[in-house]
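The values are calculated or read from the model by the stated rules, or taken from the named source; none is laboratory data. Worth saying up front: this structure is predicted, and the values here are computed from it rather than measured. Methodologically, a virtual Cβ is constructed for each residue, glycine included, from the backbone with ideal geometry; neighbour enumeration extends over all protein chains shown. Note: accessible area is taken over every heavy atom of the protein model, side chains too, but ligands, DNA and RNA are not part of it. Shrake-Rupley method; radii C 1.70, N 1.55, O 1.52, S 1.80 Å.
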Amino acid sequence: MTNFFKLLRFELDRFFKLYIVLIVVTIVSQLAGLVIISKLYMRRAREEIVVNQNSMESFLETYGQFSLANLTHSLWFFGPIALCIVSLLIYVFFIWYRDWFGKNTFIYRLLMLPTERLNVYLAKAMTIFTMVLGLVSLQIVLIYLEMNLVRLLVPRDFRLDLTIHEVIRSFDYFNILIPDSFLGFLISYGTGLMAVFVLFTAILIERSYRLKGVFIGGLYVAASFFVFISPLILSEIFLPRFFYPIEMFLLEVFAGLIVMTGAIWLGYYLLNKKIRV
Amino acid sequence: MKRYWKLIILTAAVILILGLFYTKTGTANDNGPSFTIKKIQGNEEEISNILLDANYHQSRTAGSGHSLQISAEGTKYFNEQSIAEQLFGFGWDRQIERWQKEYRSYMRGKWPSLSSFFENGKFLAYADVNYNFTGPIGSSRDFTFDIDILHKETGGRVKRETEVPNRNQYYSMSVENVQVTDNVLKVFTSNQVEHQGNHEIEIHVYTFDIQTGELLDDKIIIEEKESLDANQWAEIMILNKHEHIGEEEYVLAKVLNVEHVQDAENSGDYVEQVQQLYFVSYNVETGEIKQFEIPEIKPFAAAGISPIPDKAQISGSTVYFAIFTTDGIDVYSYSLETNSLQGSQKVPLEKSFSDSPVIKVAHERIYIVEWINKRDTDKSIIVADVESGEIVYSGRIELQEPEAHSGEYELYIHDIIFN
């Protein structure tokens, strides 16, 4: 156990500088974005009302009230989110490959540690997972900050205050990233964790069988995906509407658990028996 | 320990923030505001059994809005259904939900369309037409009846698959109504036929033995060309198809022929002109077919207003047509037994109603609900007596706690459901 946490700490340290950069970029971009687009909005309001002598009603009719939805629909907001997602996706691969291709083949030392080799695998997965959840938490805190900041920037008559859930819903993909309910959260991030394990195992297949492994790894990912959606295929093609929603849900959870255990077990096997340095 | 601070802080922050977020903010009640039906005039009893299917949109925030149901008691949001239902649910119909609870194994594998079901005290019956994609789209298909009759008392089921007779003539089929009477199951379908380049619609009634599920009879009620040429088209439809899941005396169909003609007076624009409008009634018990016109329901086609209802409300042997006019709603009641108009009433509407309110006739009442409601919408529900035309209730859909929900909104009403 201590070995696992040592490895986790170690992996976290290795990415921490870049992680801080992602955090700072997100904070700066979203807060600056809010200030800038609210200022632009208020400037336009002044122009319309003071210079063009339009009524406030007609301005609001044309441009609408200002709400955080204006922010969430802008690049200022989803740009850094996309950046974080892409960075972490790349890091899923980088976290393994740099141990082979970095200075002095670090993987050699990792695998020689007097601990279960699976700990290396699990620590890397938990690193990705913790960092993802860290960014999600940051986004939640940021939305609360933005909800308060917008009150300082835009006068009440021009402003439409949204609840946190309305802000989340105003951005299309947020209901996957920040689901409404805790169960939804478990589904989103359980599926995410499963995908990380599958990708890790695919990487290990490639590392074990090299060029042939690319092909086998691809097949493995496809097979995992197929197992995961097999309840859906069953209910769509062979037994239409036979299963009730709750039964489908349990079948899906079961299929997900099979894929996840399969990935970890295969990863364990490859690390111990097949891996090449 | 000192070397672990990053890990500790990160984990603690994640647990604290996500924990607070999912315990403190609440979820379901945050969908949107609650609405109730508030009386302006009349007897509140009149609306105690209705539910309004609605969709709530907040202006200026994107998103698809939220489905909800409004009744005199309050609001229920669609999102309040479970995650499993949101992910894998097959529709949202209270009646079908009720059957799924009560007859769990019977309801498996059934297409959740009310027109495929029949229910009375003794039976719950289901009929659908299935096919496999064999040839290219447009070619004939291997249509097969899927019949499933549940005897409520004994729990016995008659389940049978039968080939549709002459099935290679049809390129589409849909079940419109299902009835059980005198030991037979009658399935009303609309079949599309391709006949020498012309599209034809045939309304069939297929009769099955309720004990064996065997197909006894196939009879054509209406056969009509759907389109003759580019300027002419017809609409052939069964008027009591949805919501009618119980016993009915009559099944009623409408046949409408329309031609596009150039309007000489009006800058040569093409206008729709009704060539022919007639109705066909089928007596479910006796099988008697009557074809008739109702001269009082004048087939005119004015700009933007559809004068001929797509739905008719049938109760017993009386059919009610509700026709929206410029100053109100004309309600015609017509007897299918004597084939005569029994009465017509005008329900006056105030100007505040927009072009196409939701209209339903049931329980001797006509219900008229404004379909788009905003913060300042005043009157939005009217209930009137179909016999006298007298307004027995009027009310509005009221936002609760208006001060807590600033901003404009739109509340769209799709349907009136009776509890």
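Below, the figures for the structure above:
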{"item": "Contour excess over end-to-end distance, with Cα ends at residue B:376 and residue B:43 and 0.36 nm allotted per residue", "result": "117.5 nm"}
{"item": "Mean separation of Cα contacts under 8 Å, 6 or more apart, over the residue count of the range B:329-369: relative contact order %", "result": "27 percent"}
{"item": "Label-point separation in nm, residue B:218 to residue B:3, each point 7 Å along Cα→Cβ", "result": "8.2 nm"}
{"item": "Sites residue A:117 and residue B:82, calculated FRET efficiency, Cβ-Cβ separation with R0 35 Å, nearest 0.05", "result": "0.30"}
{"item": "Residue B:362-residue A:90 pseudo-label distance in nm [points 7 Å out on the Cα-to-Cβ vector]", "result": "5.9 nm"}
{"item": "Relative contact order of the range A:180-277, pairs being alpha-carbon contacts under 8 Å that are 6 or more residues apart, as %", "result": "37 percent"}
{"item": "Three principal axis lengths of chain A [C-alpha, angstrom, descending]", "result": "78, 55, 34"}
{"item": "Solvent-accessible ranking of A:124, A:274, largest area first, probe 1.4 Å", "result": "A:274, A:124"}
{"item": "Separation of alpha-carbon centers, the range B:333-352 and the range B:184-205, rounded to whole Å", "result": "31 Å"}
{"item": "Computed E for residue A:75/residue A:238 - FRET, C-beta separation, R0 41 angstrom, nearest 0.05", "result": "0.35"}
{"item": "For the range A:68-104 versus the range A:180-259, the gap between their alpha-carbon centres in whole angstrom", "result": "23 Å"}
{"item": "Probe 1.4 Å, all protein chains present, accessible-area order of A:35, B:331, largest first", "result": "A:35, B:331"}
{"item": "Residue B:320 - accessible surface, heavy atoms, 1.4 Å probe, Å² rounded to 10", "result": "20 Å²"}
{"item": "C-alpha long axis of helix B:5-24 to longest principal axis of chain B, angle in °", "result": "50 degrees"}
{"item": "Relative contact order (percent, whole number), chain B, Cα cutoff 8 Å, 6+ residue spacing", "result": "14 percent"}
{"item": "Chain A: DSSP helices with Cα axial extent of at least 18 Å and average Kyte-Doolittle hydropathy no lower than 0.0", "result": "A:2-46, A:75-101, A:117-153, A:182-233, A:245-269"}
{"item": "Probe 1.4 Å - accessible area at residue A:137, Å² to nearest ten", "result": "0 Å²"}
{"item": "Built amide H within the under 5 Å cut-off of residue B:239, gap 5+", "result": "B:252, B:253, B:254"}
{"item": "Nearest-0.05 FRET efficiency for residue B:104 and residue A:183, computed from C-beta distance (R0 22 Å)", "result": "0.45"}
{"item": "Formal net charge of residues neighbouring residue B:281 (Cβ-Cβ distance under 15 Å; K, R +1; D, E -1)", "result": "-2"}
{"item": "Alpha-carbon centroids, the range B:391-419 and the range B:138-183: separation in whole Å", "result": "41 Å"}
{"item": "For residue B:414, solvent-accessible area (1.4 Å; no DNA, RNA or ligand), Å²", "result": "110 Å²"}
{"item": "A:101, A:78, A:15, reordered so the largest accessible area comes first (probe 1.4 Å)", "result": "A:101, A:78, A:15"}
{"item": "Label point distance in nm, residue B:12-residue A:58, each placed 7 Å from Cα along Cα→Cβ", "result": "5.8 nm"}
